[in-house]
Structures are given as C-alpha cells and as structure tokens.
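Novice: I'd like to ask some things about the structure below.
None of the figures in this text is laboratory data; all of them are computed from the coordinates on show. This is a predicted model, so every value here is computed, not measured. Quick reminder, even Gly has a Cβ in these numbers, built from the backbone with ideal geometry, and neighbours come from all protein chains shown.
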Amino acid sequence: MKSLLSLLLTPVFIKIMRWLYGILLLVVIVLSLIPTQEDLPGTTDVFRWLAEIFLGDAEYSDKVSHFLAYGTLTGVGLLAFIRPLGRSLLLPLAMLLLSGLLELAQGLVSSRMPDWLDFVANGTGVAAGGVIAGCLILAAQAQHTSRNLPA
C-alpha cells in the first residue's frame, strides 16, 4: 500500500497540483488588480482573529490574507513542479517578482494603492509555503529512495 507521502511523486498528483496552481495563480492576480470589493462574509473575521493572535493587532488582517495567499500559491506551485528540479527552485523567486509587480500595478487601479508591507507579507508567505512544501517533497523522495534500496 502506498503511503500518503509517496503519492506526492505520482504523475496524477502532479497534474492535479498543476491545474490547482494555475487556478490559484489566476485568482491571486485577479483579486490583486480588481478595485477593492466588500470582503466575503466571515473571511474578515477569521483574518482579524489570526492577525490578533500572531501579530497582536487585528488591523493587520490584510497582511494575514497576503501571507496565506502567497504561502498557498508557492506551496502548491512547488508540489506542481517537483520535476524538473530547476523549475521548482525558480518558482519562489518568480512568486516574489509577481508579488512586487502586482503591488506596483495596484497603483494604476482606482481604489487600490501599493503597500510594501503587503510585499513583505507576500514574501514571508512565499518562504513559509516553500519550506513546508520543500519538507514534504524531501520526505517523499527519502521514503521513495529507502523503499528502492536493496535489502
């Protein structure tokens, strides 16, 4: 029976992660560039609660959403591009570049303003998502290697 970690290396899982990455990437770009809308009911409360716990001030809820969005995007992206390794190593850098460009582009959209603290939150999300996905990938590869060693 396959373990959960070994599923990370299957072509089907990688294909699903690639589709999910594309969808998430599109959502992040669109939400970053549309004029500010009313938040979805309940989401602000969750982000405010997390900001209060981790940052000590509920007013930073926007930064929590940036952190979670880019952390998820980077984690899924790394799982989507396990192979080839070179592409997966460039993905966090591409996420940081995208984050910076979207922050600059927000200055061109009515009711939006670039905020470099958003960029910092995005960058920490990229780092966290990268570390978590990287640990999962390394654990799956180690498990796969140890199963293929001669007894």
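Novice: Can you give the FRET efficiency for residue 55 and residue 105, using 1/(1 + (r/R0)^6), R0 = 22 Å, r = Cβ-Cβ distance, to the nearest 0.05?
Specialist: On the way: r = 26 Å, r/R0 = 1.17.
According to the calculation, E is roughly 0.30.
Novice: Please list log₁₀ I(q)/I(0) at q = 0.12, 0.20, 0.23, 0.30 Å⁻¹ for region 87-144, using the Debye equation with identical point scatterers on the alpha-carbon positions.
Specialist: -0.39, -0.75, -0.88, -1.14
Novice: Okay, next question. By average Cβ neighbour count within 10 Å, what is the ranking of 119-132, 93-106 from highest down?
Specialist: So the peptides 119-132, 93-106, ranked by packing, come out 119-132, 93-106.
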